[in-house]
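K.L.:
Here it is, the structure, as structure tokens.
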Amino acid sequence: MENIEESSPLRITPTVRALSSALRGKRENVSDSSRENGERIFPDPEKLWFKESSSKNLRNRDFLSPTTMLNTLYADGQVPPAVMSRVLSLRGSGVLPVAGGEVMCEGLRVRVDRAAAFRAVLAGGATEYLKPSSQRQGCVVLNCPALHPKPSTPTPDTLTLGQLRTVLLADHMGELLRRQGFAVSYCPTLPEDSDIITFLRSLGIDWPTAPANWTNKEREEKIQEALENSTYRERESERGRRTSGGGGRKAEEGENEGALRVNLKRVFQEEGLLGYDPSLGTCTVHSDSVSHLAQLDLATADCSVAMATALHVTSCQDEFRQQQIAVLWRATGATHTQRHLVCGPVKTPGSHLSAAQYLQLRRGQMKEASEMKYGDQVEGQTWDDIIRVMTSATVRFELLSTVHTSPVTLDVQREGGVSTKGPRGGVFVMYNCARLHTLFDSYERGVEKGLYPEIPEGSQLDFSALKEEGEWLLLFNYLITFSELLDQSGQAIDCEGGGARVNIKTEQICKFLVSLSKDFSSYYNRVHVLGEPLPHLFNQMFSRLYLLRALRELYHSALDTLNLPPIRQL
């Protein structure tokens, strides 16, 4: 049975919704146990079905509605024939085709028509599965407080590992949001040819620059004037009343007599800003704060919409200071939405390294590991480029694979080394991406030698030849799910309310790539893709090449969000 709307890419979410709708129907035959005070109680539709992901469970089911859910919906958990018929005849935009279903002790399990799903995803190319399922509109400014002058522009030697984490996270978020249709800009603009720009470029980060003699003086003067004229400015008379009761406070005020001060507490209370630290109080405005606000004003100036979203990506150590900056900006009259993406600390037990020292350590370890594995061939520009990209991959996966609010603990012992083997982060991911390129290079050489014909059109293949359990796992867990994974950061940005902080699952792309690499590596080590050049084996070989070609493009798409170019040969 094949119930696929050809124009719609297959998705998990619409499939689960369609299954839930089929199971609930008109809510008839509801068991007595699901009533409370005469009212029917229905389970959350999102919890009626679960997508399976483990290879063990995928052997006999793809979706499961647990027995507990069935007992809530139906007397004794008995699914009526009419309901089962609706489940088995499932159809709709983006809905996976159903091949069969049955009620077992664990619940109602449904199996997808896998051959039809393979054909739908692979035959016409997997392009639609490598981008977000929907496009969004809006302008997002990614502000990285770690890169603002205080008062001098930071250098790689003054940048802490916690601050480096925020820069990498801002870079990753920018690529994800661009992919979803947002106009993205970065703040602050940095002097071109500065050490920090050279350092960021070595990590694949393209940060905005301006000539070394450029100034933002005009905007700084505008910000200064706006704060001086702000209704939230604390006047001398107010300051006197606040300090009349305490000598310590008077002494502090005496040291800052004549300084511009703004009552931040009044700002967030009267403007209705949620989630800000109640101890913000009154803030003295310094020149670096004015510079910071002028940079934000510059970054939002080119936004195509009246209201931009400023996402302040900051470390937990700098969060309080960034809240001050955010509320000060509001005091100038800026009405842009502001959210704070706060990162946990980076710990290095037994050592204290700057960002520059950390990158130098990982680069040295990567070169040493490559020389141990590949010997004297590790020389020249090609290998320099490989080591640079692999080092960047190692750093990014070490700092971005953890939930952003949680601490990261790094092993920075010089004798530790960086392994080129085992399922450990960036190196493992890049290695498996390179294996795919090597596979297709081998196939092309086989074609040149006349061993294999050219790959035919997908419409000429019988994808039912893809019977190995690892093949379905790669399609169902990765190719079909990737577009919905890309949607998540934009959904979090668009979410209203919730206070100043925003929590985004920024670790998911890294975790996705590591998990994909583990499952691909297991499959590749078990299955001989390029078989004997015999005509009766070509259909299966070509079907597998279609799957692996889509996986190669999936790697490229996911790595692009991390600004990591694929390594084509190792």
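The values are calculated or read from the model by the stated rules, or taken from the named source; none is laboratory data. Just so you know, these numbers come straight off a predicted model, no measurement behind them. Virtual Cβ from ideal backbone geometry, glycine too; neighbours counted across all protein chains shown. Surface areas here come from the heavy atoms of the whole protein model, side chains and all, with no ligands, DNA or RNA. Shrake-Rupley method; radii C 1.70, N 1.55, O 1.52, S 1.80 Å.
K.L.:
In segment 422-462, what residues are free of Cβ contacts under 8 Å to residues at least 12 places away in the same chain and within 20 Å of Ala393 (Cα to Cα)?
P.N.:
Selection gives Gly422, Arg424.
K.L.:
Anything in segment 432-486 that is open to solvent by 10 Å² or more (accessible area, probe 1.4 Å), of a type in the set (D, E, K, R) and in a helix (DSSP H, G or I)? List them, or say none.
P.N.:
Arg435, Asp441, Glu444, Arg445, Glu448, Glu469, Glu484
K.L.:
Could you list all residues from segment 118-129 that are touching a helix residue (DSSP H, G or I) at 6+ places or on another chain (Cβ under 7 Å) and surrounded by fewer than 20 Cβ atoms within 10 Å (Cβ to Cβ)?
P.N.:
Ala123, Gly124 - these are the residues of segment 118-129 that are touching a helix residue (DSSP H, G or I) at 6+ places or on another chain (Cβ under 7 Å) and surrounded by fewer than 20 Cβ atoms within 10 Å (Cβ to Cβ).
K.L.:
Test each condition in (1) touching a strand residue (DSSP E or B) at 6+ places or on another chain (Cβ under 9 Å); (2) buried (at least 19 other Cβ atoms within 10 Å of the Cβ) for Cys303 and report the one that comes out false.
P.N.:
Failing condition for Cys303: (2).
K.L.:
Residue by residue through segment 1-16, note down the ones that are modelled with pLDDT of 85 or more and in contact with a helix residue (DSSP H, G or I) (Cβ under 9 Å, 6 or more places away or on another chain). If you could, list the steps in order and put the result at the bottom.
P.N.:
First pass over segment 1-16, keeping only residues modelled with pLDDT of 85 or more: 8-16.
Within segment 1-16, Ser8, Pro9, Leu10, Arg11, Ile12, Thr13, Val16 meet the criteria.
K.L.:
Take residues that are under 30 Å from Phe182 (Cα atoms) and at pLDDT 90 or above and tell me which of the strands (runs of 3 or more DSSP E) falling wholly in segment 248-318 contain 3 or more.
P.N.:
Where strands (runs of 3 or more DSSP E) fall fully within segment 248-318 and carry at least 3 residues being under 30 Å from Phe182 (Cα atoms) and at pLDDT 90 or above, they are 309-315.
K.L.:
Identify the single condition in (1) buried (at least 17 other Cβ atoms within 10 Å of the Cβ); (2) more than 30 Å from Leu547 (Cβ to Cβ) that Arg396 does not satisfy, given that it satisfies every other one.
P.N.:
Only one criterion is unmet by Arg396, namely (2).
K.L.:
A follow-up question, please. Considering only residues that are open to solvent by 20 Å² or more (accessible area, probe 1.4 Å) and either in a loop (DSSP other than H, G, I, E, B) or in contact with a helix residue (DSSP H, G or I) (Cβ under 9 Å, 6 or more places away or on another chain) (or both), which ones fall in segment 320-333?
P.N.:
Passing the criteria: Arg321, Gln324, Arg330, Thr332, Gly333.
K.L.:
Quick check on my filter: what residues within segment 68-84 are of a type outside the set (Gly, Ala, Ser), open to solvent by 40 Å² or more (accessible area, probe 1.4 Å) and closer than 13 Å to Ala22 by Cα?
P.N.:
Within segment 68-84, just Pro81 meets the criteria.
Rundown of residues vs (1) farther than 30 Å from Ser279 by Cβ; (2) more than 24 Å from the chain's Cα centre (by Cα), yes/no style:
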residue: Ser315; (1), (2): no, no
residue: Gln360; (1), (2): yes, yes
residue: Thr382; (1), (2): yes, yes
residue: Val395; (1), (2): yes, no
residue: Thr402; (1), (2): no, no
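K.L.:
Return the pairs, sorted by first residue and then second, in which the second residue is β-branched (Val, Ile, Thr) and part of a helix (DSSP H, G or I), the first residue lies in segment 167-192 and is closer than 25 Å to Ser133 by Cα and open to solvent by 10 Å² or more (accessible area, probe 1.4 Å), the beta carbons are less than 9 Å apart, and the residues are 6+ apart or on different chains.
P.N.:
As it stands, the answer is Leu176/Ile509; Phe182/Ile493; Ser185/Thr300, since those pairs meet every condition given.
K.L.:
Restricting segment 359-384 to residues that are among the acidic types (Asp, Glu) and farther than 22 Å from Ile196 by Cβ, which is least open to solvent (accessible area, probe 1.4 Å)? Quick ask: steps written out before the conclusion?
P.N.:
Taking segment 359-384 as the starting set, the residues that turn out to be among the acidic types (Asp, Glu) are 368, 371, 376, 379, 384.
Narrowing the set further to residues that are farther than 22 Å from Ile196 by Cβ leaves 368, 371, 376, 379.
Values: Glu368: 105, Glu371: 80, Asp376: 142, Glu379: 132 Å².
Taking the candidates together, the pick is Glu371.
K.L.:
Could you please find all residues in segment 511-559 being over 30 Å from Leu203 (Cβ atoms) and either within 17 Å of the chain's Cα centre (by Cα) or part of a loop (DSSP other than H, G, I, E, B) (or both)?
P.N.:
Val527, His528, Val529, Leu530, Gly531, Glu532, Pro533, Leu534
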